[in-house]
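These notes are about the structure you will find just below.
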Amino acid sequence: MELQSKTGAAVTVSDDVFGAPYNETLVHQVVNAYMAGARSGNSSQKTRSDVRGGGAKPWRQKGTGRARAGTIRSPIWRGGGATFASSKRDYTQKVNRKMYRVAMRSVFSELVRSGRLSVVDSIPVNAPKSKELRVALKDWDVTDALIIDSGVNDNLHLAGRNFPGVSTLDVDGINPWIMLRHKSVVVTADALKKIEERLS
């Protein structure tokens, strides 16, 4: 199949990658796994066994008139452990490589079908200036967009930080969540070829 470039030249791409049926269930699973992997899970408290001290019985069992106590690190004591302590948790979900590739094909194919994927020959940002990117966005007729370059482009990244609706990535950083988050996806022809090679 052929994709029309913003500059007018047609770009030939694989039907297997950019013409695949949309698998909503799989895309939902992969997006959920990506978002779960971003969770830190750092919440951590100490139980009575984790708190330092409290090894000796504070007083004898009987005869003092006070309540029985076996440790000063009991949850009902000040400085004791938490009763239902939270612990560090790993939220990551396993996604097979084959599943991820199929999901990415579904996303790219849906972007093509809905007219949200735009191809450009290059990104005319030669300096970390917002003005240059603003001109490019106006020429492409997009506002809320993800811009994908073939490699790390510091000028593009720095220029795009001032636009709240614009995200900039290289091919290595793309993921299904950020691609579906934006209304438009602008990708260079070189980046498109790299994506096609990886998803074939």
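Nothing in this text is a laboratory measurement; each read-out follows from the coordinates by a stated rule. Predicted model only: the values in this text are computed from it and were never measured. So basically every Cβ, Gly included, is an ideal-geometry build from the backbone, and we count neighbours across all protein chains shown.
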How do 88, 6 line up, fewest other C-beta atoms within 10 Å first?
88, 6
List residues of region 158-184, by number, whose backbone nitrogen lies under 14 Å from a label position 7 Å along Cα→C-beta of residue 95.
173-181
May I ask you to order 182-193, 90-101, 31-42 by the average number of other C-beta atoms within 10 Å around their residues, highest value first?
182-193, 31-42, 90-101
Among 73, 105, which comes first, then next, by fewest other beta-carbon atoms within 10 Å?
73, 105
According to a simple spin-label model (label point 7 Å from Cα along Cα-to-Cβ), what is the distance in nm between residue 62 and residue 154?
7.9 nm
Where in region 80-107 does the label zone of residue 47 land, with the point 7 angstrom along Cα→C-beta and an amide N cut-off under 18 Å?
80-90
Per-pair calculated FRET efficiency, R0 = 41 Å: residue 121 and residue 24 via Cβ, rounded to 0.05
0.80
Considering the alpha-carbon set of the chain alone, what are its Rg and its Dmax in angstrom?
27.2, 95
Cβ-derived FRET efficiency at R0 25 Å, residue 39 paired with residue 85, nearest 0.05
0.85
